[in-house]
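One structure is given here, and the rest of the page talks about it.
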Amino acid sequence: QTTLAHIIANSSKKNGTRFVTLSATSAKTNDVRDVISQAQNEKRLFKRKTILFIDEIHRFNKSQQDTFLPHVECGTVTLIGATTENPSFQVNAALLSRCRVIVLEKLSVEAMEAILMRAVRSLGVQVLGQGDQHGSSATGSSSESSEFPVYIEKKALNTLAYLCDGDARTGLNGLQLAVQARLAVGKTTPLNITKGGSADGILITEEDVKEGLQRSHILYDRAGEEHYNCISALHKSMRGSDENASLYWLARMLEGGEDPLYVARRLVRFASEDIGLADPLALTQAVAAYQGCHFIGMPECEVILAQCVVYFARAPKSIEVYRAYGNVKECLRMHTGPLPPVPLHLRNAPTRLMKNLGYGKGYKYNPMYKEPVEQDYLPEELKGTDFFKEQKT
């Protein structure tokens, strides 16, 4: 995001536009007002536009964000905000409606491989092809930081591109750590790098890359298909009351670097979707597990999630509420025309006018009656509907 801001800055300077950068982590409201005041003077006196870039804009609270509203509205400044959070939750709706949201996606594996290949060439590290036994035609020149040439397996680069989760900084840092660690050890490996010949060199393998990233698994991608495969397997294992499989898939995710709060949120959903009223305490267990994970984090919270997962696997299952609510949604979707109004006797009547219009008239306050109260609560068009019965398709 910041790199894009610098690109915009360089381009805007050529067009005579001012580019001002502030960071919401350190800037105050007075700093913003000073920038806006300067922008007003530049626009009035020199007809010069101002682009204001706010890094980590979500760190400004709602009232601070309101400072931008009138000036963005009248064009005093062109606001560019960068945030790693969801702007729908962290940025004022009024400010958000005046901006265009551009989502920066994670880099693809192919793009990461290109970046890493460029990096190893600049480091003078040679790449060994995947089909060779520690030997092939290599690219790049020998590393000047070692008396022996440094090589890296093509498979190691592929693994690094896969594990860094689309983050170029993580990938480059992992590559740097792997190279530095191998150079520090200084252990050489016999390599067949030419036809009929061999030489000693320092080889960086897939294991070195994994150690540099401090990851123990390669078959887990927090943002890719494996992420959804594993959470689906955990969900189905708990639904099938297989406590052993449930623990396995939980460990597979946590040991692969999954966010424990993500797992905890899925457990909260499972508590109502699959267990429901068969064990109402399941929801309490799930919420408590989420709070526990939030309090202490990994690795201490892993046993909290394990306890919750086993509890859910052993618990009785019921989809009664889940299915009934689905039937209600289907009823609303299939309704034609305006939705039926709330019956008058169920309406609130806080004013005299509403009372005169009949709001709340005839309503029977149930706790005042010892015997069951005969009273309708659904609109007239839905009278007698039972959403807990299987709906016809």
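The values are calculated or read from the model by the stated rules, or taken from the named source; none is laboratory data. From a predicted model like this one, the values you see are computed outputs, not experimental measurements. Glycine gets a Cβ as well: all are built from the backbone with ideal geometry, and neighbour counts include every protein chain shown. Side chains are part of the model used for accessible areas, which takes the heavy atoms of the whole protein and leaves out ligands, DNA and RNA. Shrake-Rupley method; radii C 1.70, N 1.55, O 1.52, S 1.80 Å.
Tell me, please, whether a residue that is out of contact with any helix residue (DSSP H, G or I) (no Cβ under 8 Å at 6 or more places or on another chain), exposed (fewer than 14 other Cβ atoms within 10 Å of the Cβ) and either closer than 29 Å to R169 by Cα or touching a residue at least 24 places away in the same chain (Cβ under 8 Å) (or both) can be found in region 34-55. No: zero hits.
So that you can scan it fast, the table gives a plain yes or no per residue for (1) over 30 Å from N61 (Cβ atoms); (2) out of contact with any Asp or Glu (no Cβ under 9 Å at 6 or more places or on another chain); (3) at pLDDT 85 or above:
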position	(1), (2), (3)
N86	no, yes, no
N92	no, no, no
V103	no, yes, no
S108	yes, yes, yes
S141	yes, yes, no
S146	yes, yes, no
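Could you list, ordered by first residue, the pairs with Cβ atoms under 6 Å in which the first is in region 342-355 and over 23 Å from K383 (Cα atoms) and the second is surrounded by 14 or more Cβ atoms within 10 Å (Cβ to Cβ) and aliphatic (A, V, I, L, M), at least 6 apart or interchain? Close Cβ pairs (under 6 Å, with a partner that is surrounded by 14 or more Cβ atoms within 10 Å (Cβ to Cβ) and aliphatic (A, V, I, L, M)) amount to K355/A349. Pairs linking a residue in region 309-336 that is touching a residue at least 24 places away in the same chain (Cβ under 8 Å) and under 24 Å from Y262 (Cα atoms) to a residue that is among the aliphatic types (A, V, I, L, M) and crowded, with 16+ Cβ neighbours inside 10 Å, with Cβ atoms under 6 Å and 6 or more positions apart or on different chains, are V309/L250; F312/M238; A313/M238; A315/I275; A315/A282; K317/I275.
Restricted to helices (runs of 4 or more DSSP H) entirely inside region 278-387, those with at least 2 residues that are assigned by the TED database to the domain that holds L247 and open to solvent by less than 70 Å² (accessible area, probe 1.4 Å) are 281-296, 302-314.
Filtered by the rule that a residue be under 28 Å from L107 (Cβ atoms) and either among the aliphatic types (A, V, I, L, M) or more than 35 Å from the chain's Cα centre (by Cα) (or both), region 15-59 gives L22, A24, I51, L52, I54, I57. For M112, the conditions (1) within 30 Å of N158 (Cβ to Cβ); (2) assigned to a loop (DSSP other than H, G, I, E, B) all hold with the exception of (2).
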